[in-house]
Every structure is written in structure tokens, then in C-alpha cells.
Amino acid sequence: MKLIRKHWNYALALAALALAGVTATATLAAAAPTPNHSANVASGVKPTIVIVHGAFADASGWNGVIGGLLADGYPVIAPADPLRSLTSDSTYIRSVLDSITGPIVLVGHSYGGAVITNAAAGDPNVKALVFVAAFVPDVGEQLSTLLAKFPGSEAPAALKQVPFTGPGGTTGTDLYLQASQFRAVFAADLPARQTQLMAAEQRPMTTECLSDPTIAASWHTIPSWGVVAGADKVIPPALQQWEYQRAHSHITVVPGASHVVFISHPDVVQRIIEEAAATTS
């Protein structure tokens, strides 16, 4: 009996230590200060990689790419794109860029490509743009018009419109992808279980994101790289090719890749980002 009690007490002690470790880790994570973006690039060795996600997703989808970039010594910031309007989202992302000292490689996926096109204009720190299955509009263009330029997008038919009320009684319409069509349209090369979670957690964009005209097109003056998702059913591959050629981008085609090529082929996307980063030295 004494031996049993001794072993039981020892097990309780181990459990208490493990719980304390978990609690301490959680406390440290919660208490961690906001990263000092300026300090990240104080050495000037590598540029800061800023990744702007698109609609129906968030920055967590970039974990595979971000983990690889961090392992290679790049500072990375992946802010939450508000997805409220092209004008306001671009202004917000520009404020993030303004908080960073040193060279920047700016990456945009899908709608995020339009955001970085506007946000980077006139910013001398942005040395390279990387468009990943992205919109790359020119001044005055609307994304809805650009999307209709080539056939093949299944996204418009899969959208679900949800009216909302904003601050001060303002109203608008959020756009979601219907859960039943999410995988086929958005992420056909990912496991079904994963896309079920993504569909449930998706972040909507407003109709203004598609209707706001582009104010500035930074790709006219900043070197760019473009990743074509070869089996994209959101932004047709032909449109991606056309946009990237117009921007004189360095183009890489990933055959068979869905719209979320950065999730299904993170190694390819990481390599292209690092190629762009190498030019900032």
C-alpha cells in the first residue's frame, strides 16, 4: 500500500509540474509584447516578408510558407486583411508597411494582390512584389470587371450574400463561399476534412472589395514575381498569366494547383518569395 501511495504521489507531482509548464507557457504567450517591426530588420541582413491574405481565408493558411521563411532567417509579418473595401484595406496595410524599417518583400494572395498593388505605391522600402494566384489591377480597374475578362471562374456562382449592419447604422453585404462548393471552387487539391474546417472558418469580403477602383498600381515601378495556380477555379489561370505578363513579372506556373497553391505547394511559393528577397540585397 505504501508503495502504491508513493507511486501515486509521484504521478501527481509530475502532473502538477506538467500543468504548471503549460500554464506558464500560455501565460508567457499571452503576455508577450507586440513585435517591434523595426527591430526585426535592424541588422539589415534580410528583408521583412509581409504577407497579405485574400478573401475567404486568413493568415493561418500561410503557416507552411511562414515556417519555412522563419527557419531561413527571414522576419515575417502576416497581418489580418480587414476585407472591408479595397480602399480602406490598402490604407490599413500601408500603415503596417510604415511601421517597418528596412527593405520589404510584399506578398499578396488573390484579393490581397490588389491590396498590395495599391498599398505599396510610393513606398521606397518595398523592393519586390510577389503575386500568388492574385488579382493585379491597373489604375481605375475594378476586380469584378477584371474577373470577367477571361472565362473559367466558378466563384461568382458559389457566392452567398449576407447583409450586415455596421457602426453608425451603415449597411453592406458580405460575400462567403457556400460550404457545399467551397472545396471544389477554392481548394480542390486539399483533403476534404481540411476544407470543411476552412469553409466553416472563412472570412468574408464585402461587395466593395470587388467594386472599388484601383487608385495606384505599384507594379509599374516595383519588380514583381507571379505564381499561376494551374487549376484555379477562382481566378482563371489565363487571367493570372495575362496580369503577370502585363506587369512584366517573373512567372512560375504550378500545374494542377488550386487557388490555395500556397497551402498545397508551400515549398514552391516559399522558393519564389526567397528569389524575390534575394534581389533586395
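Go ahead and run the numbers for FRET between Asp123 and Ala238, Cβ-Cβ distance against an R0 of 35 Å, rounding to 0.05.
0.70
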Margin query: For segment 137-216, what does the convex hull of the Cα positions come to per residue, in cubic angstrom?
Written below: 120 Å³
Note to self: Only bridges whose two residues both fall in segment 42-278 count here: according to DSSP, what percent of them are antiparallel, nearest 5?
What the structure shows: 30 percent
Notebook entry, point to check: If you stretched the chain out fully between Phe150 and Asp98, how much longer would it get, using 0.36 nm times the residue separation minus the C-alpha to C-alpha distance?
Noted result: 15.2 nm
Check: All other residues with a Cβ under 15 Å from the Cβ of Ala59 taken together, and with Lys, Arg as +1 and Asp, Glu as -1, what is their net charge?
Finding: -3
Checklist line | Local net charge near Arg183, Cβ-Cβ under 13 Å (Lys/Arg +1, Asp/Glu -1) | finding: 0
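Tally Lys and Arg at +1 and Asp and Glu at -1 over the other residues with C-beta under 12 Å from the C-beta of Ala158: what net charge comes out?
Here the count lands on +2.
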Check: How compact and how long is segment 42-278, expressed as Rg and Dmax of its alpha-carbon atoms in Å?
Finding: 16.5, 49
Checklist line | Pairwise FRET efficiency - Ser281 versus Thr170, Cβ, R0 = 35 Å, nearest 0.05 | finding: 0.15
Note to self: Rounded to whole Å, give me the distance from the Cα center of segment 259-281 to that of segment 107-154.
What the structure shows: 17 Å
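Every read-out reported here was derived from the displayed coordinates using simple, explicitly stated rules and does not represent laboratory data. Just so we're clear, the structure is a prediction, and the values are computed from it rather than from any experiment. FYI the Cβ positions are ideal-geometry reconstructions off the backbone, even for glycines, and counts take in every protein chain you see.
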